[in-house]
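Nothing in this text is a laboratory measurement; each read-out follows from the coordinates by a stated rule. Note that the structure is predicted; figures quoted are calculated from it, not measured. A quick note on method: Cβ atoms are made from the backbone with ideal geometry, for glycine too, and the neighbour counts reach across all protein chains shown.
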Amino acid sequence: MAIVTRGFRGRRDASAERLPPGQYQTRDFPVLSAGPTPRIALDEWRFTITDEPGSPVRSWTWSQLLELPVEQPVVDIHCVTKWSKFGTRWEGVSLDTLFASVETSAGYALVHSYGGYTTNLPLADLLGGKAWIVYRYDGGDLSPEHGGPARLLVPHLYFWKSAKWVNGITLRREDQPGFWESLGYNNHGDPWREQRYTGD
Ligand SMILES: Nc1nc2c(c(=O)[nH]1)N[C@H]1C(S)=C(S)[C@@H](COP(=O)(O)O)O[C@H]1N2
Ligand SMILES: [Mo]
């Protein structure tokens, strides 16, 4: 005799609770890039935080980035094209570490990448243990197609917010839409609230 209620099966399947609405689980790691993969020499690489009206407040070289305390987030990631990948393993520096010496009254961040990609988010979504600049994935150096030498990782928002080939953040008093945000994608992009498109 096998009596299995749908509720019981639902609770047994832990992956169902990890999957935001409308998403499916994938085990491979798709590459999604809006343009060609830029190649950045490590001795020219910089990560710069700029405050309006435009003077850099802090800038790190590659070797300075590597000297900062390392964290190893293991997180689920969710692309707006509906794939989710569970338990991805990264290594990098918390945005809290990078912002520790930055004084600002700005509420918003516009993230910039080598190659010209941008994405915007409230500064609060980058702080409080929620975001990292990562340079290693699954035990190896982050590959160029996945954003190496370094990318932003903001796993609690759709993965388009996790800018590959990141090279800086401009702090802003007023929000300014980034690349996908100005092409009809949601300004915030919370996968649990299914904020995919403008107006969701
Ligand atoms: N610089 C840059 N960052 C980017 C993108 C891009 O096109 N350029 N695509 C975004 C999108 S839509 C997604 S889903 C993820 C994909 O990351 P992956 O290629 O490592 O899976 O990167 C995000 N970051
Ligand atoms: Mo995406």
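Brief remarks on what is shown
- Among 176, 64, 25, the residue with the largest mean-square fluctuation in a Gaussian network model of the chain, with springs joining Cα atoms closer than 10 Å, is 64.
- Residues residue 88 and residue 190, FRET efficiency given R0 of 25 Å [Cβ-Cβ distance, rounded to 0.05]: 0.85
- Modelled label reach - residue 68, point 7 Å along Cα→Cβ, the range 100-115 residues with backbone N closer than 12 Å: 100-102
- One equal scatterer on each Cα of the chain, no solvent, Debye formula: the resulting log10 I(q)/I(0) at q = 0.11, 0.13 Å⁻¹ is -0.51, -0.70.
- With 0.36 nm allotted per residue and the present C-alpha distance subtracted, the residue 136-residue 32 stretch has 35.6 nm of extension available.
- The range 152-193 pair-distance distribution - Cα-Cα, 10 Å bins, rounded %: 26, 56, 19
- In this structure the amide hydrogen of residue 167, modeled in the peptide plane, comes within under 5 Å of the amide hydrogens of 112, 113, 114, none closer than 5 places in sequence on its chain.
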